[in-house]
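Enquirer: Mind having a look at this structure? Questions to follow.
The values are calculated or read from the model by the stated rules, or taken from the named source; none is laboratory data. Note that the structure is predicted; figures quoted are calculated from it, not measured. Backbone-built Cβ (ideal geometry, glycine too); neighbour counts: all protein chains shown. These area figures cover heavy atoms from the full protein model, side chains too; ligands, DNA and RNA do not enter into them. Shrake-Rupley method; radii C 1.70, N 1.55, O 1.52, S 1.80 Å.
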Amino acid sequence: MIFLKWVIRPYLYIKYFFQKLTKTGSFGKDQAVYIKTPYENIGNRLKDGLFKYHVKQFHESSCSVATVVSVVNTLLDKQGVLNGLPFTQQDLLEKVKAAHWKERMSDEGDKGRRGLPLQTLYQVVKASLTAYNIPCELVEMVQTTGDAVRSKEVKQVLRHRLEQFEKKGNCLIISHFDQGSFLPELHIPHISPVGGFDPESGKVTLLDVDSTQTYPYQISFDTFYKGVSYNYNFMFRKFGYAEGGYIFIRL
């Protein structure tokens, strides 16, 4: 925690104010565009469900809980087995024991660790689907890369999956990304579900679970990929973070 306070945070704020002054990064031309019009159901039950069951995180490190509970409720609703009120974030933490998830969400964390790196997010997503008896054809963790050569195929697969989510509603994507790549915020790891994709414009809709984000927002596919492939270098590797990525669930 001392490392976080005296090393990481000053570095993050210096980078934040530099980009603000130079109008680069998320302060530049390719900014997120907020969607302020109310969402209307389109008949894609996964997409409709994600908007319906979207919730905000209950503290600064609980983005994983808000994201996964929205996914669980969406999938249960699609199956027609969600009786009564949707499950809450606390319900999820009480039921799913993987990776000391509940302890990570406490004030003290699990041995000082509170958020979820990509690999740990994968563990709790799989455990949550099992705990609520949600059958899926595939649950895959994809750690993305910023390397120009190796990323070519990864980007093609990701774009195809976004199109499948939008057009067929047979899959969904949980993104693990650098929030500062999308918004004028600090460059820190964050988790939220993808809420839409426009194949013509290439715009990706994020249902950001950050409590400060009142509306969903759109970003370009290139910006989206930049965020999910952000390299945290030495700062966050101490806590298990490398590049970002996503969890892909196909029904």
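Enquirer: Out of curiosity, is Leu172 at pLDDT 95 or above and touching a Leu at 6+ places or on another chain (Cβ under 6 Å)?
Expert: The answer is yes for Leu172.
Enquirer: Hey, any hits in the range 46-56 for a residue that's part of a loop (DSSP other than H, G, I, E, B) and modelled with pLDDT under 95?
Expert: Checked against the condition, which is being part of a loop (DSSP other than H, G, I, E, B) and modelled with pLDDT under 95, the range 46-56 yields no hits at all.
Enquirer: When the range 18-33 is examined, which residues are found to be in a loop (DSSP other than H, G, I, E, B) and either touching a strand residue (DSSP E or B) at 6+ places or on another chain (Cβ under 9 Å) or of a type in the set (Phe, Trp, Tyr) (or both)?
Expert: Hits for the range 18-33 are Asp30, Gln31, Ala32.
Enquirer: Are there any pairs with C-beta distances below 7 angstrom linking a residue in the range 215-228 that is aliphatic (A, V, I, L, M) to a residue that is in a strand (DSSP E or B) and surrounded by 23 or more Cβ atoms within 10 Å (Cβ to Cβ), with the two at least 6 apart or on different chains, and if so which?
Expert: Ile219/Val204; Ile219/Leu206; Val228/Ser175; Val228/His176; Val228/Phe177; Val228/Gly245; Val228/Tyr246
Enquirer: On the basis of being touching a helix residue (DSSP H, G or I) at 6+ places or on another chain (Cβ under 9 Å), open to solvent by 40 Å² or more (accessible area, probe 1.4 Å) and among the hydroxyl-bearing types (Ser, Thr, Tyr), does Tyr39 make the cut?
Expert: yes
Enquirer: What do you reckon, is Gly245 over 22 Å from Val124 (Cα atoms), open to solvent by less than 10 Å² (accessible area, probe 1.4 Å) and in contact with a helix residue (DSSP H, G or I) (Cβ under 6 Å, 6 or more places away or on another chain)?
Expert: Criteria not met by Gly245.
Enquirer: Tell me which residues, restricted to the range 84-100, are touching a helix residue (DSSP H, G or I) at 6+ places or on another chain (Cβ under 9 Å) and in a loop (DSSP other than H, G, I, E, B).
Expert: Passing the criteria: Pro86, Phe87, Thr88, Val96, Lys97.
Enquirer: Does Asp77 fit the bill of being part of a helix (DSSP H, G or I) and in contact with a Gly (Cβ under 8 Å, 6 or more places away or on another chain)?
Expert: Judged against the criteria, Asp77 is a match.
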